[in-house]
Amino acid sequence: MSDKTAKLSIGDESWDLNVRSGSVGPDVIDIASLYGQTGKFTYDPGFTSTASCESKITFIDGDEGTLLYRGYPIEQLADHGDFLETCYLLLYGELPNRAQKEDFDFRVTHHTMIHEQMRSLFSGFRRDAHPMAVMTGTVGAMSAFYHDSTDISDPHQRMVASLRMIAKLPTIAAMTYKYHVGQPFVYPRNDLDYASNFLHMCFAVPCDDYKVNPVLARAMDRIFTLHADHEQNASTSTVRLAGSSGANPFACIAAGIACLWGPAHGGANEAALNMLAEIGSVDRIPEYIARAKDKSDPFRLMGFGHRVYKNYDPRARIMQKTTHEVLAELGIKDDPLLDVAMELERIALSDEYFIEKRLYPNIDFYSGITLRALGFPTSMFTVLFALARTVGWIAQWKEMIEDPSQRIGRPRQLYTGAAPRDYMPIDQRS
Ligand code: SDX
(Lines give C-alpha, C1' and ligand atoms only; values in the text may rest on other atoms or scores of the structure.)
Protein backbone atom coordinates (compact mmCIF):
# COMPACT_ATOMS: atom_id res chain seq x y z
CA MET A 1 0.00 0.00 0.00
CA SER A 2 1.32 3.48 -0.81
CA ASP A 3 1.22 6.31 1.75
CA LYS A 4 0.96 8.87 -1.04
CA THR A 5 -2.04 11.19 -1.31
CA ALA A 6 -3.53 13.06 -4.28
CA LYS A 7 -5.17 16.41 -3.61
CA LEU A 8 -8.22 17.37 -5.65
CA SER A 9 -9.22 21.03 -5.58
CA ILE A 10 -12.38 22.52 -7.10
CA GLY A 11 -12.85 26.15 -6.34
CA ASP A 12 -12.10 26.71 -2.69
CA GLU A 13 -12.84 23.09 -1.78
CA SER A 14 -10.21 20.36 -1.74
CA TRP A 15 -10.15 16.67 -0.97
CA ASP A 16 -7.38 14.15 -0.27
CA LEU A 17 -7.51 10.91 -2.26
CA ASN A 18 -5.45 7.83 -1.40
CA VAL A 19 -2.84 6.75 -3.97
CA ARG A 20 -2.18 3.00 -4.12
CA SER A 21 0.80 1.23 -5.65
CA GLY A 22 0.77 -2.21 -7.26
CA SER A 23 3.69 -4.65 -7.36
CA VAL A 24 4.62 -3.23 -10.79
CA GLY A 25 3.00 -0.68 -13.08
CA PRO A 26 1.30 2.70 -12.59
CA ASP A 27 -0.04 3.82 -9.21
CA VAL A 28 -3.81 4.32 -8.94
CA ILE A 29 -5.75 7.17 -7.38
CA ASP A 30 -8.51 5.53 -5.33
CA ILE A 31 -11.71 7.42 -6.24
CA ALA A 32 -14.20 4.91 -4.79
CA SER A 33 -15.40 7.52 -2.30
CA LEU A 34 -15.14 10.49 -4.69
CA TYR A 35 -18.88 10.84 -5.38
CA GLY A 36 -19.69 10.55 -1.68
CA GLN A 37 -17.05 13.19 -0.85
CA THR A 38 -17.55 15.62 -3.75
CA GLY A 39 -20.91 14.85 -5.39
CA LYS A 40 -18.97 14.50 -8.63
CA PHE A 41 -18.13 11.60 -10.97
CA THR A 42 -14.98 11.06 -13.00
CA TYR A 43 -15.45 10.89 -16.77
CA ASP A 44 -13.47 8.35 -18.80
CA PRO A 45 -15.37 6.86 -21.79
CA GLY A 46 -13.33 3.90 -23.13
CA PHE A 47 -11.63 3.66 -19.71
CA THR A 48 -8.29 4.90 -21.08
CA SER A 49 -7.24 6.07 -17.58
CA THR A 50 -9.32 3.79 -15.38
CA ALA A 51 -8.31 0.71 -13.38
CA SER A 52 -11.55 -1.25 -13.01
CA CYS A 53 -10.23 -3.76 -10.48
CA GLU A 54 -7.24 -5.09 -8.59
CA SER A 55 -5.81 -8.22 -10.19
CA LYS A 56 -2.87 -10.61 -9.73
CA ILE A 57 -3.24 -12.47 -13.01
CA THR A 58 -1.70 -10.63 -15.98
CA PHE A 59 0.48 -7.56 -16.33
CA ILE A 60 1.20 -5.62 -19.53
CA ASP A 61 3.82 -2.90 -19.84
CA GLY A 62 2.62 -1.11 -22.99
CA ASP A 63 5.70 1.10 -23.27
CA GLU A 64 8.17 -1.75 -22.90
CA GLY A 65 6.05 -4.24 -24.87
CA THR A 66 6.11 -6.86 -22.13
CA LEU A 67 3.40 -9.33 -21.07
CA LEU A 68 3.50 -11.42 -17.87
CA TYR A 69 1.13 -14.22 -16.87
CA ARG A 70 1.37 -14.45 -13.06
CA GLY A 71 4.82 -12.83 -13.38
CA TYR A 72 6.20 -15.16 -16.06
CA PRO A 73 7.13 -13.53 -19.42
CA ILE A 74 4.95 -14.72 -22.30
CA GLU A 75 8.08 -15.58 -24.31
CA GLN A 76 9.22 -18.12 -21.70
CA LEU A 77 5.80 -19.72 -21.30
CA ALA A 78 5.36 -19.95 -25.09
CA ASP A 79 8.81 -21.49 -25.54
CA HIS A 80 9.01 -23.88 -22.58
CA GLY A 81 5.49 -24.71 -21.42
CA ASP A 82 2.27 -25.94 -22.95
CA PHE A 83 -1.21 -24.43 -22.99
CA LEU A 84 -2.65 -26.55 -20.18
CA GLU A 85 0.29 -25.59 -17.96
CA THR A 86 -0.54 -21.95 -18.72
CA CYS A 87 -4.20 -22.68 -17.89
CA TYR A 88 -3.18 -24.06 -14.50
CA LEU A 89 -0.91 -21.05 -13.90
CA LEU A 90 -3.62 -18.51 -14.77
CA LEU A 91 -6.24 -20.29 -12.66
CA TYR A 92 -4.19 -21.11 -9.55
CA GLY A 93 -1.32 -18.58 -9.63
CA GLU A 94 1.63 -20.98 -9.70
CA LEU A 95 3.19 -23.36 -12.23
CA PRO A 96 2.06 -26.94 -11.46
CA ASN A 97 4.49 -29.57 -10.21
CA ARG A 98 4.58 -32.81 -12.13
CA ALA A 99 1.80 -34.48 -10.14
CA GLN A 100 -0.43 -31.40 -10.35
CA LYS A 101 0.17 -31.12 -14.10
CA GLU A 102 -0.65 -34.79 -14.71
CA ASP A 103 -3.81 -34.52 -12.62
CA PHE A 104 -4.93 -31.31 -14.37
CA ASP A 105 -4.23 -32.76 -17.84
CA PHE A 106 -6.14 -35.92 -16.91
CA ARG A 107 -9.15 -34.00 -15.63
CA VAL A 108 -9.31 -31.73 -18.68
CA THR A 109 -8.79 -34.62 -21.11
CA HIS A 110 -11.59 -36.65 -19.49
CA HIS A 111 -14.14 -33.84 -19.73
CA THR A 112 -13.78 -33.00 -23.44
CA MET A 113 -17.02 -34.70 -24.53
CA ILE A 114 -20.16 -32.52 -24.52
CA HIS A 115 -23.69 -33.63 -23.58
CA GLU A 116 -24.91 -35.68 -26.56
CA GLN A 117 -28.10 -33.61 -26.82
CA MET A 118 -26.01 -30.49 -27.49
CA ARG A 119 -25.28 -31.91 -30.91
CA SER A 120 -28.85 -31.10 -31.97
CA LEU A 121 -28.28 -27.40 -31.18
CA PHE A 122 -26.07 -27.10 -34.25
CA SER A 123 -28.77 -28.23 -36.66
CA GLY A 124 -30.81 -25.20 -35.59
CA PHE A 125 -28.27 -22.89 -37.22
CA ARG A 126 -27.89 -22.16 -40.94
CA ARG A 127 -24.78 -23.84 -42.34
CA ASP A 128 -23.56 -20.45 -43.59
CA ALA A 129 -23.96 -18.79 -40.18
CA HIS A 130 -20.78 -17.09 -39.01
CA PRO A 131 -19.01 -19.55 -36.68
CA MET A 132 -18.85 -16.88 -33.95
CA ALA A 133 -22.66 -16.69 -33.98
CA VAL A 134 -22.78 -20.45 -33.41
CA MET A 135 -20.14 -20.27 -30.66
CA THR A 136 -21.95 -17.46 -28.83
CA GLY A 137 -25.22 -19.40 -28.89
CA THR A 138 -23.80 -22.83 -28.10
CA VAL A 139 -21.58 -21.73 -25.21
CA GLY A 140 -24.47 -19.77 -23.71
CA ALA A 141 -26.57 -22.93 -24.02
CA MET A 142 -24.08 -24.82 -21.83
CA SER A 143 -25.96 -23.38 -18.83
CA ALA A 144 -28.99 -25.33 -20.08
CA PHE A 145 -27.03 -28.60 -19.89
CA TYR A 146 -24.63 -28.12 -16.99
CA HIS A 147 -26.89 -26.46 -14.45
CA ASP A 148 -25.33 -28.65 -11.75
CA SER A 149 -22.34 -26.27 -11.91
CA THR A 150 -23.98 -22.86 -12.06
CA ASP A 151 -24.15 -22.02 -8.34
CA ILE A 152 -21.39 -19.41 -8.20
CA SER A 153 -21.43 -19.38 -4.38
CA ASP A 154 -20.16 -22.99 -4.33
CA PRO A 155 -16.36 -23.21 -4.88
CA HIS A 156 -16.69 -26.81 -6.04
CA GLN A 157 -19.29 -25.88 -8.69
CA ARG A 158 -17.13 -22.94 -9.80
CA MET A 159 -14.19 -25.31 -10.28
CA VAL A 160 -16.35 -27.85 -12.15
CA ALA A 161 -17.76 -25.16 -14.48
CA SER A 162 -14.25 -23.79 -15.12
CA LEU A 163 -12.84 -27.19 -15.97
CA ARG A 164 -15.84 -28.04 -18.15
CA MET A 165 -15.35 -24.90 -20.24
CA ILE A 166 -11.59 -25.34 -20.68
CA ALA A 167 -12.20 -28.97 -21.67
CA LYS A 168 -15.28 -28.54 -23.86
CA LEU A 169 -14.61 -25.31 -25.75
CA PRO A 170 -12.27 -27.07 -28.24
CA THR A 171 -14.96 -29.70 -28.86
CA ILE A 172 -17.61 -27.03 -29.43
CA ALA A 173 -15.23 -25.00 -31.63
CA ALA A 174 -14.38 -28.07 -33.72
CA MET A 175 -18.07 -28.99 -34.05
CA THR A 176 -18.77 -25.40 -35.11
CA TYR A 177 -16.16 -25.78 -37.85
CA LYS A 178 -17.42 -29.23 -38.95
CA TYR A 179 -21.01 -27.95 -39.12
CA HIS A 180 -19.83 -24.93 -41.12
CA VAL A 181 -18.08 -27.08 -43.73
CA GLY A 182 -20.75 -29.79 -43.81
CA GLN A 183 -18.60 -32.62 -42.46
CA PRO A 184 -19.54 -35.09 -39.70
CA PHE A 185 -18.58 -34.25 -36.13
CA VAL A 186 -15.49 -36.01 -34.77
CA TYR A 187 -15.48 -37.07 -31.11
CA PRO A 188 -12.58 -36.05 -28.86
CA ARG A 189 -9.88 -38.64 -28.18
CA ASN A 190 -8.26 -39.14 -24.78
CA ASP A 191 -5.01 -40.43 -26.25
CA LEU A 192 -4.23 -37.03 -27.82
CA ASP A 193 -2.90 -33.89 -26.12
CA TYR A 194 -5.08 -30.77 -26.03
CA ALA A 195 -3.95 -29.14 -29.30
CA SER A 196 -3.59 -32.44 -31.20
CA ASN A 197 -7.08 -33.45 -30.09
CA PHE A 198 -8.45 -30.13 -31.35
CA LEU A 199 -6.76 -30.46 -34.74
CA HIS A 200 -7.98 -34.06 -34.99
CA MET A 201 -11.58 -33.05 -34.21
CA CYS A 202 -11.33 -30.33 -36.87
CA PHE A 203 -9.58 -32.13 -39.71
CA ALA A 204 -10.17 -35.90 -39.31
CA VAL A 205 -12.78 -37.43 -41.62
CA PRO A 206 -14.33 -40.93 -41.43
CA CYS A 207 -12.87 -41.98 -44.76
CA ASP A 208 -9.24 -41.27 -43.93
CA ASP A 209 -6.78 -41.99 -41.13
CA TYR A 210 -5.84 -38.43 -40.09
CA LYS A 211 -2.45 -38.18 -38.41
CA VAL A 212 -1.79 -34.96 -36.47
CA ASN A 213 1.49 -33.30 -37.49
CA PRO A 214 3.33 -32.73 -34.17
CA VAL A 215 5.00 -29.54 -35.44
CA LEU A 216 1.61 -28.06 -36.33
CA ALA A 217 0.11 -29.26 -33.05
CA ARG A 218 2.94 -27.54 -31.15
CA ALA A 219 2.29 -24.35 -33.12
CA MET A 220 -1.46 -24.56 -32.37
CA ASP A 221 -0.71 -25.10 -28.68
CA ARG A 222 1.62 -22.07 -28.62
CA ILE A 223 -1.02 -19.93 -30.37
CA PHE A 224 -3.47 -20.87 -27.61
CA THR A 225 -0.91 -19.79 -24.98
CA LEU A 226 -0.38 -16.43 -26.70
CA HIS A 227 -4.13 -15.71 -26.64
CA ALA A 228 -4.86 -17.01 -23.13
CA ASP A 229 -5.22 -13.74 -21.20
CA HIS A 230 -4.56 -10.03 -21.52
CA GLU A 231 -5.60 -8.17 -18.34
CA GLN A 232 -8.76 -6.01 -18.53
CA ASN A 233 -9.39 -5.96 -22.31
CA ALA A 234 -12.90 -5.36 -23.63
CA SER A 235 -14.10 -8.97 -23.55
CA THR A 236 -12.56 -9.68 -20.14
CA SER A 237 -14.20 -6.54 -18.76
CA THR A 238 -17.47 -7.80 -20.26
CA VAL A 239 -17.08 -11.14 -18.47
CA ARG A 240 -16.30 -9.39 -15.19
CA LEU A 241 -19.28 -7.04 -15.51
CA ALA A 242 -21.64 -9.90 -16.42
CA GLY A 243 -20.26 -11.97 -13.54
CA SER A 244 -20.65 -9.10 -11.06
CA SER A 245 -24.44 -9.52 -11.29
CA GLY A 246 -24.12 -13.18 -10.24
CA ALA A 247 -24.82 -14.55 -13.73
CA ASN A 248 -23.69 -18.15 -14.21
CA PRO A 249 -20.18 -18.70 -15.66
CA PHE A 250 -21.39 -20.15 -18.97
CA ALA A 251 -23.50 -17.02 -19.61
CA CYS A 252 -20.55 -14.79 -18.67
CA ILE A 253 -18.19 -16.56 -21.07
CA ALA A 254 -20.82 -16.35 -23.83
CA ALA A 255 -20.93 -12.59 -23.20
CA GLY A 256 -17.14 -12.47 -23.53
CA ILE A 257 -17.32 -14.36 -26.85
CA ALA A 258 -19.89 -11.88 -28.15
CA CYS A 259 -17.66 -8.92 -27.26
CA LEU A 260 -14.51 -10.54 -28.67
CA TRP A 261 -16.24 -10.89 -32.06
CA GLY A 262 -15.90 -7.16 -32.81
CA PRO A 263 -13.31 -6.21 -35.50
CA ALA A 264 -11.68 -3.72 -33.12
CA HIS A 265 -10.98 -6.62 -30.74
CA GLY A 266 -10.72 -10.35 -31.41
CA GLY A 267 -12.39 -10.03 -34.81
CA ALA A 268 -9.28 -8.19 -36.01
CA ASN A 269 -7.49 -11.44 -36.93
CA GLU A 270 -10.21 -12.21 -39.47
CA ALA A 271 -10.27 -8.56 -40.62
CA ALA A 272 -6.47 -8.42 -40.87
CA LEU A 273 -6.27 -11.43 -43.21
CA ASN A 274 -9.13 -10.07 -45.31
CA MET A 275 -7.23 -6.76 -45.49
CA LEU A 276 -4.00 -8.48 -46.59
CA ALA A 277 -5.95 -10.39 -49.24
CA GLU A 278 -7.60 -7.15 -50.43
CA ILE A 279 -4.21 -5.42 -50.69
CA GLY A 280 -3.07 -8.50 -52.61
CA SER A 281 0.41 -7.36 -53.62
CA VAL A 282 3.22 -5.24 -52.19
CA ASP A 283 2.87 -2.61 -54.91
CA ARG A 284 -0.59 -1.71 -53.58
CA ILE A 285 0.62 -1.15 -50.01
CA PRO A 286 1.27 2.62 -50.35
CA GLU A 287 -2.39 3.12 -51.37
CA TYR A 288 -3.58 1.43 -48.18
CA ILE A 289 -1.05 3.20 -45.97
CA ALA A 290 -2.40 6.48 -47.35
CA ARG A 291 -5.98 5.39 -46.64
CA ALA A 292 -5.05 4.40 -43.06
CA LYS A 293 -3.68 7.91 -42.51
CA ASP A 294 -6.64 9.67 -44.15
CA LYS A 295 -8.99 10.90 -41.44
CA SER A 296 -11.86 11.04 -43.90
CA ASP A 297 -11.41 7.34 -44.67
CA PRO A 298 -12.71 4.90 -42.02
CA PHE A 299 -10.13 2.32 -43.17
CA ARG A 300 -7.62 1.27 -40.52
CA LEU A 301 -4.71 -1.14 -40.76
CA MET A 302 -6.24 -4.19 -39.11
CA GLY A 303 -3.77 -5.94 -36.81
CA PHE A 304 -2.06 -2.62 -36.08
CA GLY A 305 -2.32 -0.43 -33.00
CA HIS A 306 -3.36 -1.20 -29.47
CA ARG A 307 -4.92 0.57 -26.51
CA VAL A 308 -2.08 -0.51 -24.22
CA TYR A 309 0.91 -1.50 -26.36
CA LYS A 310 2.74 1.58 -27.58
CA ASN A 311 5.55 -0.73 -28.59
CA TYR A 312 5.68 -4.02 -30.45
CA ASP A 313 3.13 -6.55 -29.07
CA PRO A 314 5.42 -9.34 -27.75
CA ARG A 315 2.84 -11.86 -28.89
CA ALA A 316 3.14 -10.60 -32.48
CA ARG A 317 6.86 -11.39 -32.49
CA ILE A 318 6.23 -14.95 -31.31
CA MET A 319 3.35 -15.29 -33.76
CA GLN A 320 5.57 -14.15 -36.64
CA LYS A 321 8.17 -16.78 -35.69
CA THR A 322 5.40 -19.39 -35.51
CA THR A 323 4.16 -18.34 -38.95
CA HIS A 324 7.57 -19.07 -40.47
CA GLU A 325 7.76 -22.43 -38.65
CA VAL A 326 4.33 -23.53 -39.89
CA LEU A 327 4.95 -22.42 -43.48
CA ALA A 328 8.33 -24.19 -43.48
CA GLU A 329 6.79 -27.40 -42.08
CA LEU A 330 4.11 -27.28 -44.76
CA GLY A 331 6.70 -26.62 -47.46
CA ILE A 332 5.10 -23.30 -48.37
CA LYS A 333 8.09 -21.47 -49.83
CA ASP A 334 6.46 -18.13 -50.36
CA ASP A 335 3.08 -16.99 -49.19
CA PRO A 336 2.07 -13.79 -51.02
CA LEU A 337 0.07 -12.68 -48.00
CA LEU A 338 3.11 -13.08 -45.76
CA ASP A 339 5.13 -11.04 -48.25
CA VAL A 340 2.47 -8.33 -48.12
CA ALA A 341 2.32 -8.47 -44.30
CA MET A 342 6.09 -8.19 -43.81
CA GLU A 343 6.44 -5.36 -46.36
CA LEU A 344 3.40 -3.58 -44.88
CA GLU A 345 4.97 -3.85 -41.42
CA ARG A 346 8.32 -2.59 -42.73
CA ILE A 347 6.76 0.44 -44.45
CA ALA A 348 4.38 1.25 -41.58
CA LEU A 349 7.10 1.10 -38.93
CA SER A 350 9.17 3.63 -40.88
CA ASP A 351 6.24 5.95 -41.58
CA GLU A 352 6.04 9.12 -39.49
CA TYR A 353 2.27 8.72 -38.88
CA PHE A 354 2.66 5.27 -37.31
CA ILE A 355 5.79 6.27 -35.41
CA GLU A 356 4.17 9.39 -33.98
CA LYS A 357 1.00 7.50 -32.98
CA ARG A 358 3.11 4.54 -31.72
CA LEU A 359 1.22 2.03 -33.83
CA TYR A 360 2.81 -1.41 -34.00
CA PRO A 361 1.62 -4.84 -35.15
CA ASN A 362 -0.51 -6.59 -32.55
CA ILE A 363 -1.22 -10.29 -32.07
CA ASP A 364 -3.82 -10.26 -34.84
CA PHE A 365 -1.46 -9.12 -37.59
CA TYR A 366 0.28 -12.44 -38.25
CA SER A 367 -2.12 -14.89 -36.64
CA GLY A 368 -4.41 -15.06 -39.68
CA ILE A 369 -1.61 -16.16 -42.01
CA THR A 370 -0.69 -18.95 -39.61
CA LEU A 371 -4.25 -20.11 -39.01
CA ARG A 372 -5.00 -20.13 -42.75
CA ALA A 373 -1.86 -22.23 -43.34
CA LEU A 374 -3.05 -24.64 -40.62
CA GLY A 375 -6.20 -25.15 -42.71
CA PHE A 376 -8.78 -22.91 -41.02
CA PRO A 377 -11.11 -20.63 -43.01
CA THR A 378 -10.90 -16.93 -42.09
CA SER A 379 -14.32 -17.09 -40.43
CA MET A 380 -12.90 -19.51 -37.82
CA PHE A 381 -10.04 -17.26 -36.68
CA THR A 382 -11.91 -15.48 -33.89
CA VAL A 383 -13.39 -18.80 -32.76
CA LEU A 384 -9.82 -19.98 -32.08
CA PHE A 385 -9.10 -16.75 -30.24
CA ALA A 386 -12.23 -17.33 -28.08
CA LEU A 387 -11.22 -20.96 -27.43
CA ALA A 388 -7.85 -19.84 -26.09
CA ARG A 389 -9.13 -16.78 -24.20
CA THR A 390 -11.74 -18.82 -22.31
CA VAL A 391 -9.18 -19.71 -19.62
CA GLY A 392 -8.27 -16.04 -19.16
CA TRP A 393 -11.91 -15.03 -18.89
CA ILE A 394 -12.51 -17.82 -16.34
CA ALA A 395 -9.43 -16.92 -14.28
CA GLN A 396 -10.49 -13.26 -14.17
CA TRP A 397 -14.11 -14.21 -13.37
CA LYS A 398 -12.89 -16.54 -10.58
CA GLU A 399 -10.67 -13.78 -9.14
CA MET A 400 -13.62 -11.38 -9.13
CA ILE A 401 -16.06 -13.86 -7.54
CA GLU A 402 -13.51 -14.74 -4.84
CA ASP A 403 -12.82 -11.05 -4.05
CA PRO A 404 -14.74 -10.32 -0.83
CA SER A 405 -15.02 -6.64 -1.82
CA GLN A 406 -16.60 -7.30 -5.22
CA ARG A 407 -19.96 -5.62 -5.93
CA ILE A 408 -22.16 -5.39 -8.97
CA GLY A 409 -20.53 -3.14 -11.56
CA ARG A 410 -22.68 -0.05 -12.12
CA PRO A 411 -20.98 2.93 -13.81
CA ARG A 412 -22.67 6.35 -13.83
CA GLN A 413 -22.76 8.95 -16.65
CA LEU A 414 -22.49 12.59 -17.68
CA TYR A 415 -26.12 13.35 -18.57
CA THR A 416 -26.52 15.93 -21.37
CA GLY A 417 -30.10 15.12 -22.32
CA ALA A 418 -33.33 17.11 -21.88
CA ALA A 419 -33.84 18.94 -18.60
CA PRO A 420 -36.98 17.89 -16.57
CA ARG A 421 -40.22 18.78 -18.47
CA ASP A 422 -43.96 17.94 -18.24
CA TYR A 423 -45.86 15.53 -20.50
CA MET A 424 -47.68 17.23 -23.41
CA PRO A 425 -50.92 15.70 -24.77
CA ILE A 426 -50.59 14.71 -28.41
CA ASP A 427 -53.08 17.32 -29.72
CA GLN A 428 -50.91 20.07 -28.19
CA ARG A 429 -47.75 18.91 -29.93
CA SER A 430 -46.55 20.62 -33.10
C1 SDX B 1 -6.98 -7.08 -29.61
O2 SDX B 1 -7.22 -4.65 -25.31
C3 SDX B 1 -6.58 -5.77 -25.58
O4 SDX B 1 -5.72 -6.22 -24.83
C5 SDX B 1 -7.04 -6.48 -26.85
C6 SDX B 1 -6.22 -7.69 -27.30
C7 SDX B 1 -6.36 -8.84 -26.35
O8 SDX B 1 -5.46 -9.70 -26.34
O9 SDX B 1 -7.41 -8.96 -25.67
O10 SDX B 1 -4.84 -7.33 -27.40
C11 SDX B 1 -6.69 -8.20 -28.66
O12 SDX B 1 -8.11 -6.66 -29.66
C13 SDX B 1 -5.85 -6.44 -30.38
C14 SDX B 1 -6.32 -5.20 -31.20
C15 SDX B 1 -6.97 -5.71 -32.49
N16 SDX B 1 -7.60 -4.62 -33.22
C17 SDX B 1 -7.11 -4.18 -34.39
O18 SDX B 1 -6.04 -4.57 -34.86
C19 SDX B 1 -8.00 -3.19 -35.11
C20 SDX B 1 -7.15 -2.02 -35.64
N21 SDX B 1 -6.68 -1.26 -34.47
C22 SDX B 1 -7.48 -0.12 -34.06
O23 SDX B 1 -8.84 -0.20 -34.30
C24 SDX B 1 -7.02 0.48 -32.74
O25 SDX B 1 -5.67 0.55 -32.77
C26 SDX B 1 -7.46 -0.19 -31.46
C27 SDX B 1 -8.91 -0.40 -31.38
C28 SDX B 1 -6.77 -1.50 -31.30
C29 SDX B 1 -7.01 0.73 -30.30
O30 SDX B 1 -7.78 1.85 -30.41
P31 SDX B 1 -7.59 3.07 -29.35
O32 SDX B 1 -6.73 2.71 -28.23
O33 SDX B 1 -8.96 3.57 -29.04
O34 SDX B 1 -6.76 4.06 -30.17
P35 SDX B 1 -7.39 5.10 -31.14
O36 SDX B 1 -8.42 4.42 -31.97
O37 SDX B 1 -7.78 6.30 -30.35
O38 SDX B 1 -6.15 5.42 -32.06
C39 SDX B 1 -5.22 6.40 -31.65
C40 SDX B 1 -4.84 7.10 -32.95
C41 SDX B 1 -6.06 7.59 -33.72
O42 SDX B 1 -5.65 8.71 -34.47
P43 SDX B 1 -6.03 10.19 -33.86
O44 SDX B 1 -7.54 10.19 -33.66
O45 SDX B 1 -5.25 10.31 -32.59
O46 SDX B 1 -5.58 11.12 -34.96
O47 SDX B 1 -4.19 6.14 -33.81
C48 SDX B 1 -4.99 5.94 -34.99
C49 SDX B 1 -6.37 6.48 -34.70
O50 SDX B 1 -6.96 6.97 -35.88
N51 SDX B 1 -5.02 4.51 -35.20
C52 SDX B 1 -4.89 3.92 -36.40
C53 SDX B 1 -4.94 2.55 -36.12
N54 SDX B 1 -5.12 2.35 -34.82
C55 SDX B 1 -5.17 3.57 -34.25
N56 SDX B 1 -4.72 4.43 -37.63
C57 SDX B 1 -4.62 3.50 -38.63
N58 SDX B 1 -4.66 2.17 -38.46
C59 SDX B 1 -4.81 1.65 -37.22
N60 SDX B 1 -4.85 0.35 -37.04
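The values are calculated or read from the model by the stated rules, or taken from the named source; none is laboratory data. Treat the numbers as computed from the prediction; the structure is a model and nothing was measured. Every residue, glycine as well, gets a Cβ built from its backbone with ideal geometry; the counts of neighbours run over all protein chains shown. Calculation scope for accessible area: heavy atoms of the full protein, side chains included, ligands and nucleic acids excluded. Shrake-Rupley method; radii C 1.70, N 1.55, O 1.52, S 1.80 Å.
Mean projection of the alpha-carbon convex hull of region 232-364 over all orientations, in nm²? Kindly include the intermediate steps, with their values, before the conclusion.
Values: hull surface 38.6 nm².
Approximately 9.7 nm², given one-decimal rounding.
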*What ranking, highest mean first, results for peptides 380-393, 336-349 when packing means the other Cβ atoms within 10 Å averaged over each residue?*
380-393, 336-349
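Leaving ligands, DNA and RNA out of it, rank R70, R300 by accessible area with a 1.4 Å probe, largest first. Intermediate values should be presented prior to the final figure.
Details: R70 55, R300 180 Å².
Most to least solvent-accessible, the answer reads R300, R70.
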_What distance in nm lies between label points placed 7 Å from Cα along the C-beta direction at S245 and D151?_
2.3
_Looking at region 170-318, I'd like the Rg to Rh ratio, where Rg is from alpha-carbon atoms and Rh is Kirkwood's inverse mean 1/r._
1.03
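Mind pulling up the Rg/Rh value for region 17-78? Radius of gyration and Kirkwood radius, both on Cα. Write out the running numbers ahead of the final one.
Numbers: Rg = 14.8 Å, Rh = 13.8 Å.
Looking at region 17-78, the ratio lands at 1.07.
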*Whenever you get a sec, line up R98, R189 from highest to lowest accessible area (probe 1.4 Å, protein heavy atoms).*
R98, R189
*asked:* Run the simple label-point estimate for L414 and M159 please: 7 Å along Cα→C-beta, distance reported in nm.
replied: 4.8
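Write down, largest first, the equivalent ellipsoid semi-axes of region 293-383 in whole Å, where each equals the square root of 5 times an eigenvalue of the alpha-carbon gyration tensor. Don't skip to the answer; put the middle values down first.
Details: eigenvalues 118, 39, 34 Å².
Rounded to whole Å, the semi-axes are 24, 14, 13.
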*asked:* Once neighbouring chains are kept in place and the probe is 1.4 Å, which whole percent of the accessible area of region 45-102 is contributed by carbon and sulfur?
replied: 48
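Per residue of the chain, what 222 nm ellipticity follows from adding -39500 (n - 2.57) for every DSSP H run with n ≥ 4, rounded to the nearest 500? Write down the numbers at each step before the final one.
Values: 18 runs with 211 residues, N = 430.
Calculated mean residue ellipticity at 222 nm is -15000 deg cm²/dmol.
Please give the contour-minus-distance gain from D208 to E329: 0.36 nm per residue of separation, less the Cα-Cα distance, rounded to one decimal in nm.
On the way: separation 121, 0.36 × 121 = 43.56 nm, distance 2.13 nm.
Stretched fully, the D208-E329 segment lengthens by 41.4 nm.
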_Please list log₁₀ I(q)/I(0) at q = 0.06, 0.07, 0.09 Å⁻¹ for the chain, using the Debye equation with identical point scatterers on the alpha-carbon positions._
-0.28, -0.38, -0.63
*Where in the chain are the DSSP H helices whose C-alpha atoms run 27 Å or more along the long axis and whose mean Kyte hydropathy is at least -1.0?*
155-181, 381-401
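So how strong a dipole does the chain carry about its Cα centre when Lys and Arg Cβ are +1 and Asp and Glu Cβ are -1, to the nearest 20 debye?
840
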*Taking only the alpha-carbon positions of region 141-229 and ignoring solvent, what does the Debye formula give for the base-10 log of I(q)/I(0) at q = 0.12, 0.21 Å⁻¹?*
-0.45, -1.06
*Expressed as a whole number of Å, what is the distance separating the alpha-carbon centroids of region 11-86 and region 296-313?*
21
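How many percent of DSSP beta bridges within the chain run antiparallel, rounded to 5? Please report the intermediate quantities before stating the final value.
Values: 16 of 16 bridges.
For the chain, the DSSP antiparallel bridge percentage is about 100.
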_Placed amide H near T58: partners under 5 Å, 5+ positions off or other chain_ = R70, E231
*With every protein chain left in place, what is the accessible area of T5 in Å² (1.4 Å probe, nearest 10)?*
90
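Let me know the shape class of region 260-333, please: from the alpha-carbon gyration tensor, a ≥ b ≥ c as square roots of the eigenvalues, rounded when a/c is under 1.5, otherwise prolate if a/b is greater than b/c, or oblate. Numbers along the way, then the final one.
Working: a/c = 1.91, a/b = 1.31, b/c = 1.46.
Note, shape of region 260-333 comes out oblate.
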_S52 versus R20: modelled label distance in nm, points set 7 Å from Cα along the beta carbon direction_ = 1.6
_Choice from A51, A217, A242 with maximal GNM fluctuation in the chain (Cα, 10 Å cutoff)_ = A51
*Find how much the distance from D63 to E94 grows on full extension, using 0.36 nm per residue of separation minus their present alpha carbon separation; answer in nm with one decimal.*
8.5 nm
_Given N residues in region 1-124, what is its alpha carbon radius of gyration divided by 2.2 N^0.38 Å?_
1.61
*Leaving ligands, DNA and RNA out of it, work out the accessible area of S21 with a 1.4 Å probe and give it in Å² to the nearest 10.*
50
_Ranked order, Y366, Y72, Y415 - accessible area, probe 1.4 Å, largest first_ = Y415, Y72, Y366
*What is the distance in Å between the Cα centres of region 351-410 and region 96-133?*
20
*What does the accessible area of R158 come to, in Å² to the nearest 10, when a probe of 1.4 Å is used?*
30
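With every protein chain present, what is the per residue accessible area of the chain (1.4 Å probe, Å²)? Before the final figure, lay out the partial values.
Values: 21270 Å² over 430 residues.
Ligands and nucleic acids excluded, the figure is 49 Å² per residue.
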